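Participant: Provided herewith is a single structure, encoded as structure tokens, for subsequent inquiry.
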Amino acid sequence: MKFEEIYSIVGGVKYIKTKNSQFLYDFILKEKLTHILELGIAHGTATCYMAAALQELGKGSITAVDLLKNSFKPSAEEQLQRSGLSEIANVVRMQTSYTWFLHDDILRNTKDNTCNEIYDLCIIDGPKNWTIDGAAFFFADKLLKKNAWIIFDDYNWTYAAADNRRDITDGITHRLLSAEEKEIPHVRDIFELLVKQHPCYGNFMLLEDSGWALAQKIS
Ligand SMILES: C[S@@+](CC[C@H](N)C(=O)[O-])C[C@H]1O[C@@H](n2cnc3c(N)ncnc32)[C@H](O)[C@@H]1O
């Protein structure tokens, strides 16, 4: 499905910016990223753009993971259905966190003490929390193939900035955090301190105005 077509169906739905959706769609086609893991899906808007790109490529699938209690309307399942792309994306809903999905996926793919690498792209767009998403990076890494890409959204996001709008973000109560934990962008530090220092990752890209940080598993 062409970008313009999927845009005409899901273009008005949160949370992905049009610029990022076009980038993601083109990136999947250019890099031929056929096996995709999406962590944090909300309405499944990004899921639909990625599924459209895979349909255009003629192969591939997405595993899209979020929480059971998430009640976004329209739901990811509804948007995929409306786009005619349900066959391409498998929506998985977990009780507590996508980190436990990663536990299950590592377990499923482990044989003789080795985890099989199965994904070409992992996009992390969940709670933006050092502990959860830092762990998710190391867990997801076990499942990423050589030359796979990892994308983080919300590079500059902070609890302090979100404080004006709400008291709790994805189960984390803001007032229980230290001043530093509130002020420092967790995703930025996951990217700078964990991803960039990891010996297997390179080709780092920061799309400042989109809030996206990308890295490739080069060895
Ligand atoms: C910003 S939204 C994702 C937007 C989506 N990627 C897009 O671009 O359309 C963040 C999502 O992460 C989910 N989420 C937050 N913490 C999570 C966790 N620990 N495990 C699974 N999903 C989580 C929320 O339920 C929410 O749907």
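Participant: So what are the three principal axis dimensions of the chain from its Cα atoms, in whole Å, longest to shortest?
Facilitator: The principal-axis extents, from largest down, are 48, 43, 33 Å.
Participant: Can you give me the relative contact order of the chain as a percent, contacts being Cα pairs under 8 Å and 6 or more apart?
Facilitator: With pairs under 8 Å counted, the relative contact order is 17 percent.
Participant: What length, rounded to one decimal in nm, is gained on full extension from Met205 through to Ser61, with 0.36 nm per residue of separation minus their alpha-carbon distance?
Facilitator: Result for the pair: 49.4 nm of gain on full extension.
Participant: For Asn70 and Ser86 in one chain, what is 0.36 nm times their gap in residues minus the Cα-Cα distance, to one decimal in nm?
Facilitator: Additional length available on full extension: 3.9 nm.
Participant: Between Ala52, Ala135, Ala161, find the one with the highest GNM mean-square fluctuation for the chain; connect C-alpha pairs within less than 10 Å.
Facilitator: Comparing Ala52, Ala135, Ala161 in the GNM, the peak value goes to Ala161.
Participant: Continuing with this model, one more query. How many nm is it between the label spots at Thr131 and Glu183, if each spot is 7 Å from the Cα in line with the beta carbon?
Facilitator: Simple spin-label model gives 2.2 nm for this pair.
Participant: Please arrange Tyr98, Tyr201 by counting, for each residue, the other beta carbons lying within 10 Å of its beta carbon, fewest first.
Facilitator: By the 10 Å Cβ count, ascending: Tyr201, Tyr98.
Participant: Another question, if that's okay. I want the local charge near Asp163. Using Cβ-Cβ distances under 11 Å, sum +1 for each Lys or Arg and -1 for each Asp or Glu among the other residues.
Facilitator: Spelling it out: positives minus negatives among the neighbours equals +2.
Participant: Ok, one more. Can you tell me the alpha carbon radius of gyration of the stretch 135-183 divided by the globular rule-of-thumb value 2.2 N^0.38 Å?
Facilitator: The stretch 135-183 yields a ratio of 1.51.
Participant: So for Thr47, Thr96, fewest C-beta neighbours within 10 Å to most, what's the order?
Facilitator: Thr96, Thr47
Participant: Under a point spin-label approximation (7 Å from Cα along Cα-to-Cβ), what is the Gln95-Asn147 distance to one decimal in nm?
Facilitator: 4.0
Participant: Using a cut-off of 13 Å between beta-carbons, work out the net charge of the residues near Thr110 (Lys and Arg +1, Asp and Glu -1, Thr110 not included).
Facilitator: Neighbour charge sum, excluding Thr110 itself: -1.
Participant: Take the chain, connect every pair of alpha-carbon atoms lying under 10 Å apart with a spring to form a Gaussian network, then pick out the residue of Ile184, Ile36, Ile151 with the largest mean-square fluctuation.
Facilitator: Comparing Ile184, Ile36, Ile151 in a Gaussian network model of the chain, the most mobile one is Ile184.
Participant: Mind running the shape call on the stretch 12-108? Use the C-alpha gyration tensor, a ≥ b ≥ c as the square roots of the eigenvalues: rounded below 1.5 for a/c, prolate if a/b tops b/c, oblate otherwise.
Facilitator: Note, shape of the stretch 12-108 comes out oblate.
Every number here is computed from the coordinates shown, using simple stated rules; none is lab data. What you see is a predicted model; the values in this text were computed from it and never measured. Because the Cβ atoms are built from the backbone with ideal geometry, glycine has one as well, and the counts that use them run over all protein chains shown.
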